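Notes follow the structure.
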Amino acid sequence: MPFTFLLLLSLSTLVPSPSVTGVKIVTRQVTGGFVDTRTEWVAADRLRNEWQTRSGERAGPAMASIVLRGDRDRVFVLDLQAKEYVSYETDSHGAALGAKSHPATPSGGTLQIIIDSVDTGERKNIFGYQARHIVTHEKRVPSAGACSRVSESETDGWYIDPSVMPAWRTAKKPGVGVVVANVISAGSSDNCLNKIDKIELHRTGVEPGFPVKLTTTLTSDISERDGSSHMLSSTWGSEVVELRAGPLDPALFDVPPDFHRVDSLRNWSAIPRHQPSGWEWFKEKLAEMFN
C-alpha cells in the first residue's frame, strides 16, 4: 500500500465528525407524585427527546424520539431498554401518514379563551440569560352547547429570550380557530365525542418568551358519574435544570445500529399520531386513569 495513502487514511481518522449547532435542554416536571425528566437536543432541522416518568419508586419506560424535519417529518420512537423502534412519516398537521382519522363535527358552541400576561418587573440571571418574571392568567368560558368546560389558571413563570431556540421550536401566537374538545369527565356520556368547539382567543399583555421555570395552578369544572359537577384544583410545575447552546453530536439523531425496527413497541400501546414528549406521555397515562 503506498505510503501517501496510509498517511491520508491516518489523517482521516483524526478528523472529527461534523457537529450540529443546537441546544441541549433538561427539564424536570412535577405534579402530584409523578416526576417527569425530559432531555431535548434541538437543532434547526432535527430533534431528539428522551424521557422517563416516575411515581414514587415506580418508573415508566425509558423512551426516546427522533424527528428529522423536512417536507414530511420523519419520526422514530425508540424503546431504549428493549432496543426496538418504530418509524413513520407525518403530514403537515403532525399526524402519522396512513393513520385512521376520526372526523369531527362542530359542537355548535364557542369557547372564549382570555389570556393576560403581566411582567412583574423582576429580573434574574438564569443560565447566563436575563430572565423576566411574568404571571399569566387564563380563563376559559364555554357558551351553551360547547363541549369544553369552565376553567381558570394562573402560571407564575420565569422566561428568557426565545432566540435561544431554533425558530421552528419557538412558540407561535395562537390565533382564532377550532380545536377538538378535551373534556376530563368521570363516567359522563359521550355526547361530545369527536366534537369541536369554535375558539375565540383574546390575548393581552406581554409575550412571555422561552420558559425556564413555571408553576401553574388550574381550577376546572369536573363532571361526575351522576351528572353533577364540581370545581377541582391542581398544581404542577416545571423547571429547566440544564440549558447549553453549542455543537451537538450528529449521532444523537441516528437510530443506533443494534436497535431493531418493529411494528409496535412493547412499552408503547400504539404509534402516536404526533411527536411525543415525556409530559405528553404522562398526560396520556393520567387520562387512562380517569377512563
The correct count of residues that are surrounded by fewer than 17 Cβ atoms within 10 Å (Cβ to Cβ) and modelled with pLDDT of 90 or more in segment 81-107 is 5
Among 38, 54, the single one that is modelled with pLDDT of 85 or more and assigned by TED's automatic domain parsing to the domain that holds residue 254 is 38
List, please: which pairs have Cβ atoms under 9 Å, are six or more places apart or on different chains, and start with a residue in segment 254-267 that is touching a residue at least 60 places away in the same chain (Cβ under 8 Å) and closer than 17 Å to residue 60 by Cβ and end with one that is of a type in the set (Phe, Trp, Tyr) and surrounded by 13 or more Cβ atoms within 10 Å (Cβ to Cβ)? 265/85
Considering only residues of segment 116-146 that are of a type in the set (A, V, I, L, M) and modelled with pLDDT of 95 or more, which is nearest to residue 156 (Cα to Cα)? 135
Just to be sure I understand the filter: pairs with C-beta atoms under 7 Å, separated by 6 or more residues or on different chains, first member in segment 191-214 and at positive phi, second member among the aromatic types (Phe, Trp, Tyr) and surrounded by 17 or more Cβ atoms within 10 Å (Cβ to Cβ). Which pairs pass? 209/159
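The values are calculated or read from the model by the stated rules, or taken from the named source; none is laboratory data. Source: prediction; values computed, not measured. Note that each Cβ is placed from the backbone with ideal geometry, even for glycine, and that neighbours are counted across all protein chains shown.
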